[in-house]
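The structure appears right after this line, and notes come after that.
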Amino acid sequence: MNKLAAQLILGPARPAQVATPTPQTAGNATIARHMQSINNDFVIDVVTRIDSVYHFHNLLFYISEKLNLNSPAGSEFFKKFWKQFPLVPRIIVRNNRSSINTNTTIKSLISTPSLVMVFTTHHSDPIMEVASETLKGIRWLKTIFILFPYLSSANYHESFETFTQFSQIFQDVLRWSWTKQFTNTLLLTINDNVYQLNPYPTQHFVNRTEHWMARDFFQKLSHNMMGYVVNTPVFYDMPRVFKGADQRTVYGTSGKLFLGFLDFVNATMHDTSANLTITNFNLPYLLELVGQGVYETLIHTYTDLLGNYSVSFSYPIGINDWCLMVPYRNDSVQELYVREALQENVWLLLFLTILYVGFGLWLCSPQRPRDLSAILLQCILSLINSPPTSIVRTRDRRMRYLYLVLSIMGIVASNMYISKMASYFTSPPPVRQLNTLQDVIDANLIIYVQDFEYKFLDRKRDQYSERFLQQLVVADAMFIQRHRDLLNASYGYFVSSDRWDLIMMLQKHLRVPVFRLTQICSGPFYHVFPMHMDSHLQSPLQNFILISQESGLRHHWKVESFWEALYMRVIHFIILHEQPQPLSMAFLSSMMRTWCMGLVLAGMAFILEMKWHQHVMQAHGHMLWHKLRTAVKRRRSCRR
């Protein structure tokens, strides 16, 4: 918004009205209360002095409809105000019946620093709710409440009853502002009175009427809360929050961060777990309590999966993925040795090589007739680098060159395959792990989830099939934590990144892990504290989170919390007493089966070879016998 003189009326004003007296009964007499006016020059003087310190870019006016803008006092006030601030853009709001685009927000129309002025008559004035709704998310803006109280007389000091009424009115306005988390407030009212609310350590009102300076207003008090009490329940939520053996000391990554923040701003924590009806950690219920205003925040952090809770959240303390954790398959399938070494593509390659080389030998063979069985045998011997057959003894140079090439190829191929087999036999082949949705479905693995986690998965039907959702079992947080933190590998669990770090630390010493993460993941999501959008804890907590991350405290607290939980027996290391065991014959069963199968195939090939040779020799023998008989007959006939 440029710095031209501009005025935006967000709501149409009602016709000019004159404030009517409000009667009040006191004993037997009826006392009429009238709206009391304030000193316009005093208001302009205060705003001018504050502007000299902060140099506002925008001015926002929230003016009650009970105030008559067309009165002489109202016209005079705005005339002087525009004269004092001619170039500062201003926005005037009188009600929530906006005439502009409903998608436009006050936040999108202003730049900081800006000053908000709320002209009101009481804390229940409708303009107060209008200001609260339209300034949602930016209630930290510097705000001046200009109060026009309804009193029987402007001289409220004349009677105790009038003074009590006046005190109650301005205190209600300031209390309302704190309830709505307007954290930088100032109240101006009749007789040039100036009041402020100091919430730390408890709410008390400060009268600055006699002595005030512009730089004393809107001071940041949150850096020292002087023992301000923050109420929060504390439940078991490993590794984020857990109690010690005395049930008073709080540990955990989130717990240490929260306690460190309270110490950073000089605040204290009060555990209210005993006041709740629940005994175990129930995240949706606790978030609902924060949304209803029962708690300002919680010591418990959460991964914002759904993102539709009625409560907002703090600055993220981390980024979490949310993945499925499944048991690690530790089976040693012995048949995988040969199966991996002789896969389908290997058999196909060997078969095609034999055909190709056999065809080359058959084509180049000078012998007549060509012996196909000898050629195939020569091909196999060439691949396994065995002694040559009779073909190498032929004097044909083509065959000598061809056999030389085949011998070189046989040496390379056989050495490569022997090395491959040696590597498989000296190291175990990898076991196929559960990694996809179909793997989990095929394994029929039961997966425990909480109710809100199941709702999150159920909303993503395009990613998670109906068959997979049937394997999910809804349980409470305590039941899941009891099985997951003790590394019960009978089930699967959905875990966030910070919880997976704990599991990794628990199984880091193991030769083979108990759990592993799959590729079934969602995210990333914010890891946050629940908190109201305009909470007075928002800004100091953000500063402390950034400091802890930059200084490495987050990593230090994570490791420290793990060892503290281990020392207090909240979690346990898995101790495995593994004794070396000799190999049994079952370990060599795959090799024995392969060797026996090879013997059978070799015997069958030998029988076929003999039968073929017998058939060929019988045919050649008949031909030779026929030739001999013919030759003998010819010689006998010639002698006669």
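The values are calculated or read from the model by the stated rules, or taken from the named source; none is laboratory data. Small disclaimer: the values here were computed from a predicted structure and weren't measured. Glycine gets a Cβ as well: all are built from the backbone with ideal geometry, and neighbour counts include every protein chain shown.
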Query raised in the report: Which of the residues belonging to segment 69-95 are among the polar types (S, T, N, Q) and crowded, with 17+ Cβ neighbours inside 10 Å?
Result: Asn95
Query - Tabulated pairs, segment 71-84, first modelled with pLDDT of 90 or more, second loosely packed, with under 13 Cβ neighbours inside 10 Å, C-beta under 6 angstrom, 6+ apart or interchain - result: none
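For (1) in contact with a Cys (Cβ under 9 Å, 6 or more places away or on another chain); (2) of a type outside the set (D, E, K, R); (3) at pLDDT below 90, each residue gets a yes or a no:
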position: Thr297; (1), (2), (3): no, yes, no
position: Asp304; (1), (2), (3): no, no, yes
position: Gly307; (1), (2), (3): no, yes, yes
position: Phe313; (1), (2), (3): no, yes, yes
position: Asn320; (1), (2), (3): no, yes, no
position: Leu324; (1), (2), (3): yes, yes, no
position: Glu335; (1), (2), (3): no, no, yes
Requested in this report: Collect the residues in segment 100-123 that are modelled with pLDDT of 90 or more, more than 8 Å from Ser64 (Cα to Cα) and among the polar types (S, T, N, Q), keeping them in residue-number order.
Outcome: Ser114
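Is it the case that His572 is in contact with a Ser or Thr (Cβ under 7 Å, 6 or more places away or on another chain), at pLDDT below 90 and not hydrophobic (A, V, I, L, M, F, W, C)?
Details: in contact with a Ser or Thr (Cβ under 7 Å, 6 or more places away or on another chain): no; at pLDDT below 90: yes; not hydrophobic (A, V, I, L, M, F, W, C): yes.
Here the answer is no, as His572 does not meet what is asked.
Condition check ((1) part of a helix (DSSP H, G or I); (2) at pLDDT 70 or above; (3) under 30 Å from Lys460 (Cβ atoms); (4) hydroxyl-bearing (Ser, Thr, Tyr)) across all residues:
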position: Pro316; (1), (2), (3), (4): no, yes, yes, no
position: Leu352; (1), (2), (3), (4): yes, yes, no, no
position: Gly358; (1), (2), (3), (4): yes, yes, no, no
position: Pro369; (1), (2), (3), (4): no, yes, no, no
position: Ile375; (1), (2), (3), (4): yes, yes, no, no
position: Cys379; (1), (2), (3), (4): yes, yes, no, no
Query raised in the report: Just checking, which of Ser254, Ser222, Ser273 is of a type in the set (Gly, Ala, Ser) and more than 30 Å from Leu506 (Cβ to Cβ)?
Result: Ser222
**Report entry** Conditions (1) crowded, with 18+ Cβ neighbours inside 10 Å; (2) over 27 Å from the mean Cα position of the chain (by Cα): number failed by Gly227
**Finding:** (1)
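Go through segment 99-126 and give me each residue that's of a type in the set (Val, Ile, Thr) and more than 40 Å from the chain's Cα centre (by Cα).
Within segment 99-126, Val118, Thr120, Thr121 qualify.
Would you mind finding the one in Leu486, Leu457, Leu469 that is surrounded by fewer than 17 Cβ atoms within 10 Å (Cβ to Cβ) and touching a helix residue (DSSP H, G or I) at 6+ places or on another chain (Cβ under 8 Å)?
Leu469
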Report summary line: Expected output for segment 259-282 (first residue small (Gly, Ala, Ser), partner surrounded by fewer than 18 Cβ atoms within 10 Å (Cβ to Cβ) and modelled with pLDDT of 90 or more, Cβ below 8 Å, 6+ apart or cross-chain) is Gly260/Leu553; Ala267/Gly227; Ala267/Val229
